[in-house]
Structure formats: structure tokens, C-alpha cells
1. Within region 55-70, is even one residue touching a Lys or Arg at 6+ places or on another chain (Cβ under 9 Å), within 9 Å of the ligand (Cβ to nearest atom) and touching a residue at least 12 places away in the same chain (Cβ under 8 Å)?
2. Quickly run through region 91-111 and pick out the residues that are in a loop (DSSP other than H, G, I, E, B), of a type in the set (D, E, K, R) and under 20 Å from PHE165 (Cα atoms).
3. Report, by residue number, each residue of region 236-271 that is in a loop (DSSP other than H, G, I, E, B), within 16 Å of the ligand (Cβ to nearest atom) and at pLDDT 85 or above.
4. For region 218-235, which residues satisfy the criterion of being in contact (Cβ under 8 Å) with a residue 12 or more places away in the chain, farther than 19 Å from SER271 by Cβ and not acidic (Asp, Glu)?
5. Identify, please: which residue in region 107-124 is within 16 Å of the ligand (Cβ to nearest atom) and closer than 21 Å to GLY296 by Cβ and is, among those, surrounded by the fewest Cβ atoms within 10 Å (Cβ to Cβ)?
6. Kindly indicate the residue of region 11-42 that is more than 21 Å from the chain's Cα centre (by Cα) and within 8 Å of the ligand (Cβ to nearest atom) and also nearest to GLY298 (Cα to Cα) among those meeting that condition.
7. Among the numbered conditions (1) within 16 Å of the ligand (Cβ to nearest atom); (2) crowded, with 19+ Cβ neighbours inside 10 Å, tell me where SER322 comes up short.
8. Would you pick out the residues in region 79-95 that are over 18 Å from ASP291 (Cβ atoms) and more than 8 Å from the ligand (Cβ to nearest atom)?
Amino acid sequence: VSQQLRVAVIGVGAMGADHVARLSTRIRGACVAVVCDAAPDRARQIAAGVPEARVIDDPDAAVAAADVDAVLVASPGPAHEAQLLACLDHGKPVLCEKPLTTDVAAAARVLRREAETGRRLIQVGFMRRYDREYVELKQLLDAGELGAPLVMHCVHRNPSAPPHFDSTTIVDDSLVHEVDATRYLLGEEIRAVTMFRPTPNPRARASLQDPQFAVFETDSGRIVDVEVFVTSGVGYYVRTEVVGELGSATIGLDVGPVRVGAAGSQFGVLSPDYLARFGPAYDTEVQRWVDAVRRGSGVDEIAATAYDGYAAGAVCAAAVTSLRTGLRVPVALAAP
Ligand SMILES: NC(=O)c1ccc[n+]([C@@H]2O[C@H](COP(=O)([O-])OP(=O)(O)OC[C@H]3O[C@@H](n4cnc5c(N)ncnc54)[C@H](O)[C@@H]3O)[C@@H](O)[C@H]2O)c1
């Protein structure tokens with residue numbers, strides 16, 4: 001690995017373009033060497049803002065390039081498997097945006113191939129692990145300050161959903177964050193999922209089941225409920241409360257300064273989108289990935305691993321089945 005970690009960013013839509021900006025301005029020790037996107041014009045437009053970057057249209061060639069040390073995958077979920085396998089074949093560390101894949105069999109194939117390399121090369125972009133409030137909540141839990149955690153309540157609201165979102169995408173792309181947060185904060189697996197279908201938002205597209213309500217049961221019998229509401233029309237609002245035997249802790253209230261103005265008084269400011277809410281978390285995530293790769297370990301120690309990505313995918317598959325049948329669905333998980 002050269003002095004600067006030379007990164008290829010594959011997929012430069014909303015998230016990938018944000019990662020290009022982060023890598024080329026705020027992140028120390030890295031540069032964007034290659035930009036790749038299925039839409040060549042988009043790749044050229046993004047690369048134009050980064051003098052040292054060149055465009056390679058073919059993802060395999062971008063991964064294989066001699067001047068690429070590591071890869072950041074931010075293409076849509078269904079494209080991840082092939083791009084991850086290419087990274088593994090070339091022994092290149094990869095930070096892959098969540099979800100690892102959108103299907104469990106594909107995730108298992110990726111996991112198997114990574115094991116064959118004998119190295120950990122894949123880190124999954126569950127950035128909440130790097131958010132200051134999640135970090136503090138995890139510390140509270142690990143220090144035993146809430147006693148035994150018993151129940152967790154989560155709210156995941158977005159102002160609007162991208163046009164390609166359907167009821168399954170809400171599970172795979174949105175609910176998946178709470179799946180990882182549950183496994184990470186509580187330190188155990190989710191053994192079953194039951195999905196409820198509340199009255200759909202009349203303002204949502206017809207056929208879109210939104211909001212959705214999930215109930216997770218963990219291996220030890222804890223219950224986690226999640227309201228996911230991606231067409232809320234309001235702000236980006238992600239809130240988590242853990243209830244323990246000694247008390248509870250809530251993060252994500254977005255209670256900033258109390259503001260008083262002509263419109264009356266207002267508590268805090270709601271984040272408009274995920275880039276605003278989790279911007280610092282993405283910065284920390286990518287900086288720690290770059291540092292870990294430059295040190296020679298393929299992944300950062302607190303990052304979600306390929307197995308975490310696979311396990312989250314298995315929970316989402318159970319959730320999608322439950323969304324269809326209305327039944328409680330056990331999660332089928334192979335051992336790590
Ligand atoms: N961590 C987070 O909070 C977060 C937030 C948003 C998106 N994401 C993830 O980032 C990824 C991208 O999401 P987005 O919102 O940027 O989507 P997007 O639709 O805005 O961008 C996707 C880009 O990938 C390109 N593309 C499509 N197929 C490709 C392929 N096979 N190879 C290379 N490029 C391809 C498209 O042309 C587009 O430019 C998804 O996995 C998504 O779940 C994560």
C-alpha cells in the first residue's frame with residue numbers, strides 16, 4: 001500500500017458522490033484514484049471535481065487497476081455481490097455500503113469466498129456504529145449502567161422515499177439499519193421477526209406498504225419494536241430507546257437549542273436527510289477504515305463484518321416473508 005490509500009469508488013449516486021467528496025477533502029491518508037458508475041456521464045461529472053481521479057467504466061477493471069489499493073462500493077444493493085467477489089479475487093479491502101447483498105444466498109457466497117482468502121477484507125457500511133450517540137449508548141449498555149437491557153423501541157422516519165423504493169426495499173434498505181443496531185447494541189442474534197402492516201399513509205404511492213412495524217425477538221428473549229415510515233413528509237428522524245432493569249436511555253431526539261422566533265418557540269432542528277443526520281458518522285467510519293487498511297488490517301475493529309452483513313440479510317429475508325404472510329418468521333442463520 002502506497003503512502004496514500006488509493007481508492008476506487010464504484011457507484012457515485014447520492015451516497016457514492018458523498019463518499020467521493022469526503023475521501024477527497026476531509027479524510028486523511030486517502031485519495032480517490034478511480035471513479036466508476038454504470039452511467040458513464042455521471043462518473044465523468046463526479047470525477048471532474050477530483051483532479052487526481054480518472055474514470056474506469058467497467059467495475060471489474062476498476063477493482064483490478066494497479067493504482068487502486070482499496071475499493072468503496074456504493075452501487076445499488078443488487079450489484080454488490082459481483083463487485084465484492086471481484087475485490088476478494090484481487091485481495092483488495094472493500095468498504096461496501098449496506099446492505100451487503102439483497103439476497104441471503106448471495107451473502108453466503110460472499111462470506112464463503114472471503115473465508116477462502118484467509119483474510120478479513122470486507123467492511124459493511126452500517127455507519128450508526130460510528131454515530132456519537134450510538135457509541136455512547138453502547139458504552140452505557142456495556143458498562144451495565146442500565147442493568148440488563150429488556151426492551152428496545154426504534155423509530156426510523158424519512159421525509160420521502162426514492163422512486164425505486166417498494167415495500168421490500170423499505171425492509172432491505174431502511175429496516176436493515178435497525179437490524180444491525182439491534183445486533184450491535186444488544187450483542188446477540190435476532191431469532192424471529194413479525195411484521196405488521198399499519199394503515200398505509202394515504203400520501204404514499206399506491207401499493208407501497210408504509211409505514212411498517214417490526215417486532216424482533218432476540219435469542220435471549222428480548223423484544224425490539226421498530227416503526228419504519230419512509231414517506232413521513234417530515235424530517236429524517238431516527239430515535240432509539242433501550243429500556244433496562246435500572247432505567248432507560250434514548251438517543252436521536254434531535255433536541256438542539258430551544259429557539260424562539262416569530263413562528264413561536266421551537267425545540268431543536270430536525271435533520272433534513274441522512275447525510276445531515278449521520279454526516280459525522282460517515283466521516284468517522286471512512287477515516288477509521290482508511291486508517292485500518294493502511295495499518296494492514298483489512299477492516300476496522302468495530303465495523304460490521306461480512307458475517308454481520310449476512311446476518312442482517314437473513315433477518316431482512318425473514319421480515320420480507322413476514323410482511324407478505326403476516327406470520328412470525330424464524331430467522332435461518334448459519335453459524336459464523
Ligand atoms: N449508509 C447509509 O446510510 C446509506 C444511505 C443511502 C444509501 N446507502 C446505500 O448506498 C448504496 C447506493 O445508494 P444511493 O442512494 O447512492 O443510490 P443512487 O441510486 O443514488 O446511486 C446509485 C449509483 O450507482 C450506479 N450504478 C447502478 N448500477 C451500478 C453497477 N452495477 N455498477 C456501478 N454503478 C452502478 C447508478 O448509475 C447510480 O449513479 C446502496 O447500497 C444504498 O443502500 C447507504
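The values are calculated or read from the model by the stated rules, or taken from the named source; none is laboratory data. The shown structure was predicted, so the numbers you read here are calculated from the model rather than taken from an experiment. All Cβ positions, glycine included, derive from the backbone under ideal geometry; neighbour counts span all protein chains shown.
1. There is no residue in region 55-70 that is touching a Lys or Arg at 6+ places or on another chain (Cβ under 9 Å), within 9 Å of the ligand (Cβ to nearest atom) and touching a residue at least 12 places away in the same chain (Cβ under 8 Å).
2. LYS98, ASP103 - these are the residues of region 91-111 that are in a loop (DSSP other than H, G, I, E, B), of a type in the set (D, E, K, R) and under 20 Å from PHE165 (Cα atoms).
3. TYR236, GLY252
4. THR218, SER220, ARG222, ILE223, VAL224
5. GLN123
6. The selected residue is ALA38.
7. For SER322, the failing item is (1).
8. Correct list: GLU81, LEU84, LEU85, ALA86, CYS87, LEU88, ASP89, HIS90, GLY91.
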